[in-house]
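**Q** A single structure is presented below for examination.
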Amino acid sequence: MKESPVIVWFRQDLRLNDNDAFLAAVETGEPIIPCYIWAPEEEGDWAPGAASRVWLRHSLAALRESLEKRGLKLIVRRGPTDISLRQLIQRSGAGRMFWNRRFEPEVALRDARIEKDLRRDDIEARSWNASLLVEPESLLNLSGKPYQVFTPFWKACLKRGFEQPKPKRLPAGRLSAPEKWPASLELDELELLPRRDWHKGLAAYWTGGEEEARRVVKRFVVNKAAAYANERNTPSIAGTSSLSPHLHFGEIGPREVYSRLMSADSNSIGSKVFLSEIGWREFAHYLLFHFPETVHRPLKPDFERFPWEPNDEALRCWQKGETGYPIVDAGMRQLWQTGWMHNRVRMIVASFLVKHLLQPWQRGAEWFWDTLVDADLASNTMGWQWTAGCGADAAPFFRVFNPIAQGEKFDPDGAYVKKWLPELNGLPDQFVHQPWVAPADALEQAGVKIGSTYPAPIVDHKTARARALMAYERMKL
C-alpha cells in the first residue's frame with residue numbers, strides 16, 4: 001500500500017530539533033515533505049524588512065542543508081499560501097499537514113482560514129505552539145482579563161511552571177522521503193537579498209541557522225549567564241546573549257534556552273535576570289495576541305491625542321546617526337552596519353526620537369522593523385510603546401533619558417561610542433559624550449570640527465525635555 005506523505009509547513013521555526021510539527025511528522029513514519037512558502041503580501045503592513053530578509057535567506061539555506069543530511073528536500077514556493085499548499089497536497093497525495101503556530105494578527109487570521117479549508121477537504125490539519133513557553137490565550141488575571149503589567153504576568157507564568165515538556169531531539173538517521181519530490185523554487189528566486197551589497201556587513205557579524213543558534217546558547221550559558229546581570233547594560237562588551245534573531249526565526253526555541261539555563265545554572269542572579277528577559281519576550285507576544293490593534297495604535301487611548309511634531313529632517317538625522325549626541329549616533333550606526341543594537345542603547349535612541357524630537361513612535365518602529373535582523377512584531381511594538389509611555393507597563397512619558405548622562409553611565413570610557421564613531425577617537429574620555437563642550441585645543445588635537453566632521457546637537461537637551469513635558473501636559477487637557 002502506497003504511503004501518503006505528510007507536509008510540514010515551516011515558517012518562523014527554522015530548525016529540526018524541538019520542532020513539534022516536524023517531530024510529529026517523523027513519528028508518523030510516513031514520507032515527509034518539508035515546505036516553505038514566501039508570501040510577504042499576506043502579512044499586512046508587516047512583511048519582513050530588508051535586514052530580516054537577509055537573515056531569512058541564510059537561515060533557509062541552513063535549514064535546507066540540515067534536511068538534506070537527513071535525506072529530505074526543502075520545497076520552496078511563492079504565495080498565495082492557500083493555493084501553494086493546495087497544489088502541494090494535490091500533486092503529492094498528502095493526507096496530513098502539520099505546522100507550528102504564529103501569533104501575529106494578520107498571520108493568525110490567515111492560518112485559521114487555511115486550517116478551516118483543509119479540514120473541510122478532509123485533510124488532517126494539526127498545529128503546535130513551538131515558539132512560546134505559554135499559550136497567550138491560556139492565561140488571564142483574576143478578573144478574567146489579559147494582564148497588562150509584566151510582574152504579575154511573569155509570576156503567574158513561573159507559578160504554573162510553563163506546563164511545557166522538555167525539548168525533544170530529532171532521532172538519528174535518515175528520514176522517510178517521498179518517491180517523487182514536488183517541484184521547488186531555488187532560494188535565490190525569492191529575491192530575499194538586496195541588489196546593492198550593503199548586506200555583506202551583516203555577514204561579518206552574524207551566522208544564521210540551527211547549528212549556530214545552539215552554539216550561541218551554549219556559549220552564553222557557559223560563559224556569560226552568571227555575569228549577565230552586571231554586564232548586560234554595558235554596550236562596549238559582549239555581555240548579552242545575541243540570541244534574539246535566532247529566537248525570532250525559530251532556529252532555537254525558548255524551551256531549549258530555558259532548559260539549558262536551568263540545567264546549568266538556575267540559581268545565579270544573572271540566570272534569573274536573563275530568564276526574566278525571556279519573560280518579557282513572552283509578555284510581548286501575549287500583549288500582541290490580546291491587543292492586536294497596538295501595532296498601529298497606542299494601548300492607552302489618551303495617547304491618540306498626543307501632539308506629535310512629524311519632521312522628516314529630524315527623522316533622517318536620527319536614522320543616519322547624525323543627531324550630535326554620540327551615544328544616540330553610535331547606536332544608530334551600529335544598527336545600520338550590523339542589523340542589531342545593544343538593548344540599553346535601543347532604549348536611549350528610542351527615547352531620543354520620541355521625546356527629544358517628538359516624532360511618533362510608529363516611525364521609529366517602522367525603521368527598526370526594516371533594519372533589525374531580530375525585528376519581531378511583538379517585541380518591536382511593545383518596546384516602542386514602552387518608550388513612548390503609551391503601552392502596557394510602560395515607562396512614564398515624563399521619564400526623559402538624558403543622552404549625555406546615559407552615555408557617561410553605561411559607556412564611561414567611551415569605548416562603545418569610539419567604536420562606532422571613529423571620528424571621535426581622539427577626544428579625551430570626559431568629552432566623548434558631549435564633544436561640543438570640549439576646549440578648542442582638545443577638538444583641534446582630535447581632528448574634530450563640530451558641525452563639520454561631527455554634527456552639532458540638533459536639539460538642546462534641556463529645551464527638548466521641557467518641550468516634551470509640555471506636550472505631555474497638553475495631551476491631558
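Taken together, the values in this text are just the output of simple stated rules run on the coordinates, not laboratory data. None of the values given here were measured: they were computed from a predicted structure. Cβ sites come from the backbone with ideal geometry, for glycine too, and all protein chains shown count toward neighbours.
**Q** Quick one: which residues, 5 or more positions from residue 78 or on another chain, have an amide H under 5 Å from its amide H? H modelled 1.01 Å from N in the peptide plane, none for Pro or chain starts.
**A** Close amide H contacts, sequence-distant or interchain: 38.
**Q** What's the angle, to the nearest 10 degrees (0 to 90), between helix 254-265's Cα axis and the longest principal axis of the chain?
**A** 70 degrees
**Q** Tell me, what ³J(HN,Hα) does each residue in segment 89-99 have, in order and in whole Hz, if you take phi through Karplus 6.51 cos²θ - 1.76 cosθ + 1.60 with θ = phi - 60° and put x for Gly and Pro?
**A** Result, rounded to whole Hz: 5, 5, 7, 9, x, 5, x, 9, 9, 10, 7.
**Q** Can I get the semi-axes of segment 301-476's equivalent ellipsoid? Compute them from the C-alpha gyration tensor as square roots of 5 times the eigenvalues, in angstrom, largest first. List each step's numbers first, then the result.
**A** Working: eigenvalues 156, 65, 36 Å².
Output for segment 301-476: semi-axes of 28, 18, 13 Å.
**Q** A further question on this structure: Using a Cα-Cα cut-off of under 17 Å, which aspartates and glutamates could be cross-linked to residue 320, ignoring same-chain neighbours fewer than 8 residues away?
**A** Within reach: 312, 329, 366, 370, 423.
**Q** Can you put 342, 356, 246, 199 in order, fewest other beta carbons within 10 Å first? Spell out each step's value before the answer.
**A** On the way: 342 24, 356 27, 246 30, 199 19.
In increasing order of surrounding Cβ atoms, one gets 199, 342, 356, 246.
**Q** List the relative contact order of segment 280-427 as a percent without decimals, with contacts defined as Cα pairs under 8 Å and 6+ residues apart. Numbers along the way, then the final one.
**A** Working: 180 pairs, mean separation 40.0, N = 148.
27 percent.
**Q** Something else: What residues from segment 347-378 fall in the zone where the backbone N is under 17 Å from a label point 7 Å along the Cα-to-C-beta line of residue 474?
**A** It comes to 354-361, nothing else.
**Q** Under the rule of at least 5 residues apart or a separate chain, name every residue whose amide H is placed under 5 Å from the amide H of residue 128.
**A** Residues meeting the amide H criterion: 99, 100, 101.
**Q** Evaluate the relative contact order of segment 6-130 (contact order divided by residue number), counting alpha-carbon pairs under 8 angstrom at least 6 apart; express in whole percent.
**A** Working: 162 pairs, mean separation 44.4, N = 125.
Dividing the mean separation by the residue count of segment 6-130 yields 36 percent.
**Q** Just list whichever of 73/116; 159/218; 409/476; 355/409 have alpha carbons separated by over 24 Å in the model shown. Before the final figure, lay out the partial values.
**A** Details: 73/116 27 Å; 159/218 26 Å; 409/476 33 Å; 355/409 20 Å.
Long pairs (Cα-Cα over 24 Å): 73/116; 159/218; 409/476.
**Q** Which one of 319, 234, 253 has its Cα pushed farthest toward the positive end of the charge dipole of segment 224-342, where Lys and Arg give +1 and Asp and Glu give -1 at the Cβ?
**A** 253
**Q** Here's something else I'd like to know. Would you mind giving the three semi-axes, in whole Å and largest first, of the ellipsoid equivalent to segment 158-293 according to its Cα gyration tensor? Please report the intermediate quantities before stating the final value.
**A** Numbers: eigenvalues 182, 99, 64 Å².
Equivalent ellipsoid semi-axes, largest first: 30, 22, 18 Å.
**Q** Sticking with this structure for a sec: Evaluate the relative contact order of the chain (contact order divided by residue number), counting alpha-carbon pairs under 8 angstrom at least 6 apart; express in whole percent.
**A** Across the chain, relative contact order equals 17 percent.
**Q** Next question. Sticking with the crude label model, points 7 Å out along Cα→Cβ, report the distance from residue 441 to residue 126 in nm, one decimal please.
**A** Between residue 441 and residue 126, the label points sit 7.8 nm apart.
**Q** Related question: I'm checking a number: the convex hull volume of the Cα atoms of segment 105-159, normalised per residue, in Å³. What is it? Kindly include the intermediate steps, with their values, before the conclusion.
**A** Values: hull volume 6.6 nm³, N = 55.
It comes to 120 Å³ per residue, whole-number rounded.
**Q** Taking only Cα atoms, what is the 0 to 90° angle, nearest 10, from helix 150-160's long axis to the longest principal axis of the chain?
**A** The helix 150-160 is inclined about 30 degrees to the chain.
**Q** With θ taken as phi - 60° and the coefficients 6.51, -1.76 and 1.60, list the Karplus ³J(HN,Hα) couplings across segment 26-32 in order, rounded to whole Hz; mark glycine and proline as x.
**A** The phi angles translate into 4, 5, 5, x, 8, x, 10 Hz.
**Q** Using every alpha carbon pair in segment 6-130, what percent of pairs falls into each 5 Å bin from 0 up to the bin containing the largest distance?
**A** All Cα pairs, binned at 5 Å, distribute as 2, 10, 21, 26, 23, 13, 5, 1 percent.
**Q** Would you mind ranking 190, 335 so that the residue whose beta carbon has the fewest other beta carbons within 10 Å leads the list?
**A** Details: 190 18, 335 24.
By the 10 Å Cβ count, ascending, the order reads 190, 335.
**Q** May I pose another question? What Kirkwood Rh does the chain have if only Cα atoms enter the pairwise 1/r average? Answer in Å. Walk me through the numbers on the way to the answer.
**A** Numbers: mean 1/r = 0.0416 Å⁻¹.
Here the Kirkwood hydrodynamic radius works out to 24.0 Å.
**Q** Any chance you could give the angle, 0 to 90 degrees and rounded to 10, that helix 269-290 forms with the longest Cα principal axis of the chain?
**A** Tilt relative to the chain: about 70 degrees.
**Q** Counting other C-beta atoms within 10 Å, which of 474, 96 has the fewest, and how do the rest follow? Before the final figure, lay out each step's value.
**A** Values: 474 11, 96 20.
Arranged by neighbour count, lowest to highest, 474, 96 become 474, 96.
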